[in-house]
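First up is the structure itself, then whatever we jot down about it.
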There are 2 protein chains.
Amino acid sequence: MAGHSQPVYLKLRDLIAAGIIDGTFPEGTMLPSVRALAAEQGANPLTVAKAYQQFQLDGLVEVQRGVGMFVARGAAERLRRSEREAFLANEWPQIRARMERLGLVAKDLLTT
Amino acid sequence: MAGHSQPVYLKLRDLIAAGIIDGTFPEGTMLPSVRALAAEQGANPLTVAKAYQQFQLDGLVEVQRGVGMFVARGAAERLRRSEREAFLANEWPQIRARMERLGLVAKDLLTT
DNA sequence: CGCGCTGTATTATGGCAGTCAAACAGCATG
DNA sequence: CATGCTGTTTGACTGCCATAATACAGCGCG
């Protein structure tokens, strides 16, 4: 029953990351439970867990087993910083090359 | 036996598209054969064929079975135009939103 | 303590995308 | 017409993604 352009667990990962960065999930607060988010997004709890897992490994969310998962201190800033670096190092060069090939100029689009 | 970040046939598709746009494969000329390109890129002929297939459907390359595939008239211009539209309509908005979320501004990117 | 919430592990199933090997089909040239 | 190039079709195999159904493990509160 799959067939998406982007894997569900990656969409969820982005959803959570965005929430942490923009303050929807402030530091220290409890994140939506695996089952709750699964129900809300119409996904499987296991898939949601997989999305959360990436953040635990990076220490961005702290797990209190039996209680819930909480946004770690400094998570927003750390996350924004790492995503920024990754963007500039990996994605932007390719985007830039592609734009150049198509005859598009960055500053023309950014000033819109 | 797979496991790449970007599928091979998409990389090949981009390679061919770039060649058509920048004049490496001028209009009217014959494109590299399926097997030749496969050998050169270390890929499977069928994977190359899959990459070419997208262009045939769009009429950007014309097939003479048993002879070869040729760049159609006006292919470069048509391709550049469609890729530009697709980029501006689909990719750029997401990129822009992502940049905004990360707090990236024009001056961060144009320092090259 | 027991009930209800939390995350986690196990196992099995289904589907789809990507890749590949081998055989098939069309055209040109000697 | 046979050789050698072209593109094309068929069938199969693999790995990832997602799902489901259980069962287990930790914590808090009445």
Going through segment A:34-45 one residue at a time, which ones are open to solvent by 60 Å² or more (accessible area, probe 1.4 Å) and within 6 Å of DNA strand C (Cβ to nearest atom)?
A:ARG35
Looking across segment B:8-33 at residues that are touching a strand residue (DSSP E or B) at 6+ places or on another chain (Cβ under 8 Å) and near DNA strand D (Cβ under 10 Å from one of its atoms), the single one that is nearest to the other protein chains (Cβ to nearest Cβ) is B:LEU31
It is to be established whether one or more residues within segment A:70-92 are touching a residue at least 24 places away in the same chain (Cβ under 8 Å), of a type in the set (A, V, I, L, M, F, W, C) and within 15 Å of DNA strand D (Cβ to nearest atom).
yes
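Pick out, from segment A:9-101, the helices (runs of 4 or more DSSP H) lying fully within it that include 2 or more residues that are over 23 Å from B:ILE95 (Cα atoms) and not acidic (Asp, Glu).
A:34-41, A:45-57
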Please go through (1) within 13 Å of DNA strand D (Cβ to nearest atom); (2) surrounded by 16 or more Cβ atoms within 10 Å (Cβ to Cβ) for B:SER5 and return the number of the only condition it doesn't satisfy.
(2)
A:VAL71, sole failed condition from (1) touching a Leu at 6+ places or on another chain (Cβ under 7 Å); (2) among the aliphatic types (A, V, I, L, M); (3) open to solvent by 60 Å² or more (accessible area, probe 1.4 Å):
(3)
Output the residues belonging to segment A:76-102 that are among the hydrophobic types (A, V, I, L, M, F, W, C) and at the interface with chain B (Cβ under 8 Å from one of its Cβ atoms).
A:PHE87, A:LEU88, A:TRP92, A:ILE95, A:MET99, A:LEU102
Residue count for segment B:1-33, restricted to those that are touching a residue at least 24 places away in the same chain (Cβ under 8 Å) and either in contact with a Phe, Trp or Tyr (Cβ under 7 Å, 6 or more places away or on another chain) or β-branched (Val, Ile, Thr) (or both)
8
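Would it be correct to say that B:LEU60 is away from chain A (no Cβ under 14 Å) and either open to solvent by 40 Å² or more (accessible area, probe 1.4 Å) or not polar (S, T, N, Q) (or both)? Before the answer, list the steps.
Details: away from chain A (no Cβ under 14 Å): yes; either open to solvent by 40 Å² or more (accessible area, probe 1.4 Å) or not polar (S, T, N, Q) (or both): yes.
Against the criterion (away from chain A (no Cβ under 14 Å) and either open to solvent by 40 Å² or more (accessible area, probe 1.4 Å) or not polar (S, T, N, Q) (or both)), B:LEU60 qualifies.
The values are calculated or read from the model by the stated rules, or taken from the named source; none is laboratory data. Quick caveat: nothing in here was measured; it's all calculated off a predicted structure. Positions of Cβ are generated from backbone atoms using ideal geometry, with glycine treated the same way; all protein chains shown enter the neighbour counts. Ligands, DNA and RNA are excluded from the accessible area calculation, which covers all protein heavy atoms including side chains. Shrake-Rupley method; radii C 1.70, N 1.55, O 1.52, S 1.80 Å.
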